[in-house]
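A short worksheet on the structure shown next.
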Amino acid sequence: DVIAFGAVLNACEKASRWREALCFVIEAGHQKLKLDIVALNTAMSSCGKGSEWSSTLALLEGAFRSGLRPTVVSFSSSVTACERGQQWQRALHLLHVMRHESKLKPDSIILGAAVSACEKGRQWQQALELIGPAGLAWDLNPDVVAYNATMSACEKSSQWQRSLALFGQLCGDDPSAPLRPRPDSVSFEAAIATYRRAQRWEDCLRLMNEMQKLGFKPSEYGFSTAMSACTQGSKWSLALQLWASLKAHDLRPNVLLYSAAITACGRGSQWEQALQHVLDMQKQLLSADEAVWLTVLLALSDGGQQGRALDLYSDLVDRGELQPWCSQKELDLHGMPVEVARIAVLSALLHRAAASLPPEPLELVTGRGNRSEGGEAHLRSSVLETLRSELWLQGCKLKEDNPGRILVPESAIYQILQPHPERADENNSDAAQKAIEKPLLPKRD
C-alpha cells in the first residue's frame, strides 16, 4: 500500500539508492497507487543526491500533473539537483515557478542552491541579483553560503572588485549597511582566490594571517591558492615557505598542493626539487594528473633542462600519462604552456625522423586563439617561431583550410636530424637523439 511504498522510498533515500527509489515510484504507478507529496519528496531527494536532475524534475512535474501541491521541500530537492547537475537556467526557472505559481517563499537553502548553480555556470550577474534585489523582494536574508558562492562566481568571471566588495560586506566594512552574516573560512579563502586573480599576493598572505587570528584554519585549497599567488608574483620562495609550513598546520599535501609547489620550483629553477615532489607523490600513492606533469615539464624547461624535459615527455607519452595525439599525424597542443608545446613538437619531430618508415606530414593543432586573452593565438605564433627560427625547418605553414593547425611537411621532418649552423647544439643530431633515450622517473608496476 501507500504507507509501505513510503517506507521503502525512505529507506532508499537514506541509502542513496536513487535508481531503486525511481523504480518503486514507477511500480506504484503501475499498481494505480497515488503516492502523496511526502513520498514523492523522498524520491526527489534520492534523485537529487544522485545528481539526477532530470529524474528529479520529472517527479516534480508528475506531482503537478497528479494534482498534488509541491512543498518547499519539493522545490529544495529540485533546485539542489539542478545545482549539482550544473543546470543554472532550470534552477532559476524553478524559483520563478515556486514564487509566482506555487506562491511559496524560498528559504535560505533554496536560495543558496540557486546561487551555487549560478556560480558553477559562471553567471555572476544572476548570483548578485539573487542575493540582492531578488532576495530583498522575497524578504530573504542570504546566508554566508550564498555570499561565498556569489564571491566565487564573480572571481571566476574576473569580476574581482565585486567579489571583494561582497567580502567587505561580510566583514562589516560599512557600519550603515544592513546586517549581514559573518564570514567563515570559505569566505576568507574565496577572497584569497580573488586576490590571486587580481595578482595581489601580499593581500593573500594578509588574509591567511587574519583568518588564523580569528580561529579559522586554512584548508589545502587556501594554502595552494596563496602559494600560486606568490608564484605568480615572482615570490616563489614565499610559496615554498608556505609549503614548508603545512606540517605545522596539520595538513597533508594533496595533488593540488603538490602542483602549486612544483610550479613554484619551476619558477625558481629548482627542477631537482620539482622531480623530488613527483617521487614523493608516487610514494604516497597520489596520482599525478596531466596538469601536474605539464607543471613538471615546465619546471624542467624553466630550469634550462631541455634534454631532461624531452626525456620525461617521451616517457609520459609512452606510459599514457599524456595523450596529445589525436591520430598518427595530429598532435594536439591545446592546454599546454608554450614551453611544453615546444618540447612536444621537438619530441614528435625527433621520433618521426628516427623512425624506420618514411615520415608522414605532421599537423600541429594549436587553435586560433579564440579562447586566449585578447583573442591572440600566442601558442600558434610561438610554435611557428620555434619551427622556423629556432629549428630552421623549411616549409612549415598554416593549413589553408584550417588556420588553427600548422602543417609540417615530410621534408621538414627529415631536416630535424641534419646539422644546421644556426641551430643550437643541443638540437643537433647526436645530442638531440640522446634526449629520447632514458626515463627520468622510475617505471610504475
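The values are calculated or read from the model by the stated rules, or taken from the named source; none is laboratory data. Bear in mind that the values here come from a model prediction, so they are computed numbers and not experimental data. Counting neighbours? That spans all protein chains shown, and the Cβs are built from the backbone with ideal geometry, glycine included. Side chains included, ligands, DNA and RNA excluded: accessible areas come from the protein's heavy atoms. Shrake-Rupley method; radii C 1.70, N 1.55, O 1.52, S 1.80 Å.
Of the residues making up the stretch 80-101, just one is surrounded by 16 or more Cβ atoms within 10 Å (Cβ to Cβ) and either among the hydroxyl-bearing types (S, T, Y) or at positive phi (or both), namely T80.
When restricted to residues that are in contact with an Asp or Glu (Cβ under 9 Å, 6 or more places away or on another chain) and either of a type outside the set (K, R) or within 17 Å of G268 (Cα to Cα) (or both), the stretch 236-258 contains 8. Screening the candidates S234, S259, S245, S314 for the property of being of a type outside the set (D, E, K, R) and either over 27 Å from Y221 (Cβ atoms) or in contact (Cβ under 8 Å) with a residue 40 or more places away in the chain (or both) yields one hit, S314. Looking at the stretch 12-20, is at least one residue loosely packed, with under 14 Cβ neighbours inside 10 Å and hydrophobic (A, V, I, L, M, F, W, C)? Yes - at least one qualifying residue is present in the stretch 12-20. L57 meets the stated requirement of being closer than 29 Å to H96 by Cα, open to solvent by less than 50 Å² (accessible area, probe 1.4 Å), within 32 Å of the chain's Cα centre (by Cα) and among the hydrophobic types (A, V, I, L, M, F, W, C).
For the stretch 172-194, the tally of residues that are modelled with pLDDT under 90 and either under 22 Å from A229 (Cα atoms) or not aliphatic (A, V, I, L, M) (or both) stands at 8. In the stretch 400-420, is there at least one residue being modelled with pLDDT under 90 and closer than 30 Å to L279 by Cα? No. Scanning the stretch 60-79 for residues that are out of contact with any helix residue (DSSP H, G or I) (no Cβ under 8 Å at 6 or more places or on another chain) and either buried (at least 16 other Cβ atoms within 10 Å of the Cβ) or more than 11 Å from I37 (Cα to Cα) (or both) yields E61, R65. The single condition among (1) in a helix (DSSP H, G or I); (2) within 28 Å of S54 (Cβ to Cβ); (3) of a type outside the set (D, E, K, R); (4) open to solvent by less than 20 Å² (accessible area, probe 1.4 Å) that Q125 does not meet is (4). Against the list (1) outside any helix (DSSP H, G or I); (2) more than 27 Å from G135 (Cβ to Cβ); (3) of a type in the set (S, T, N, Q), the condition Q86 fails is (2). Suppose the filter is outside any helix (DSSP H, G or I) and within 25 Å of K235 (Cβ to Cβ); does S152 pass it? In short, no. As for the stretch 9-27, it holds no residue that is among the hydrophobic types (A, V, I, L, M, F, W, C), over 30 Å from K156 (Cα atoms) and modelled with pLDDT under 85.
Could you count how many residues in the stretch 298-310 are assigned to a helix (DSSP H, G or I) and either out of contact with any Pro (no Cβ under 7 Å at 6 or more places or on another chain) or open to solvent by less than 20 Å² (accessible area, probe 1.4 Å) (or both)?
The number of residues fulfilling the criteria is 9.
Filtering the stretch 182-199 to residues that are without any contact (Cβ under 8 Å) to a residue 40 or more places away in the chain and surrounded by fewer than 19 Cβ atoms within 10 Å (Cβ to Cβ) leaves R182, S185, A198, Q199. When R444 is tested against the conditions (1) open to solvent by 10 Å² or more (accessible area, probe 1.4 Å); (2) closer than 25 Å to R267 by Cα; (3) modelled with pLDDT under 60; (4) under 27 Å from the mean Cα position of the chain (by Cα), the lone failure is (2). Scanning the stretch 243-258 for residues that are in a helix (DSSP H, G or I) and open to solvent by 30 Å² or more (accessible area, probe 1.4 Å) turns up W243, A244, K247, A248, H249, V255, L256. A Cβ distance below 9 Å, combined with a sequence gap of six or more or placement on separate chains, defines the contacts here; from the stretch 143-172, residues that are in contact (Cβ under 8 Å) with a residue 60 or more places away in the chain and surrounded by fewer than 19 Cβ atoms within 10 Å (Cβ to Cβ) reach no residue that is in a helix (DSSP H, G or I) and not basic (K, R). Filter the stretch 279-297 down to residues that are within 16 Å of the chain's Cα centre (by Cα) and closer than 12 Å to N254 by Cβ and give me whichever is surrounded by the most Cβ atoms within 10 Å (Cβ to Cβ). Here the residue is V292.
Screening S108 with (1) of a type outside the set (A, V, I, L, M); (2) out of contact with any Asp or Glu (no Cβ under 6 Å at 6 or more places or on another chain); (3) open to solvent by 20 Å² or more (accessible area, probe 1.4 Å) gives one miss only, at (2). So which residues in the stretch 323-348 are part of a loop (DSSP other than H, G, I, E, B) and among the polar types (S, T, N, Q)? Those that are part of a loop (DSSP other than H, G, I, E, B) and among the polar types (S, T, N, Q): Q323, Q328. Note on the stretch 382-421: residues that are within 16 Å of A344 (Cβ to Cβ) and either hydroxyl-bearing (S, T, Y) or without any contact (Cβ under 8 Å) to a residue 12 or more places away in the chain (or both) total 3.
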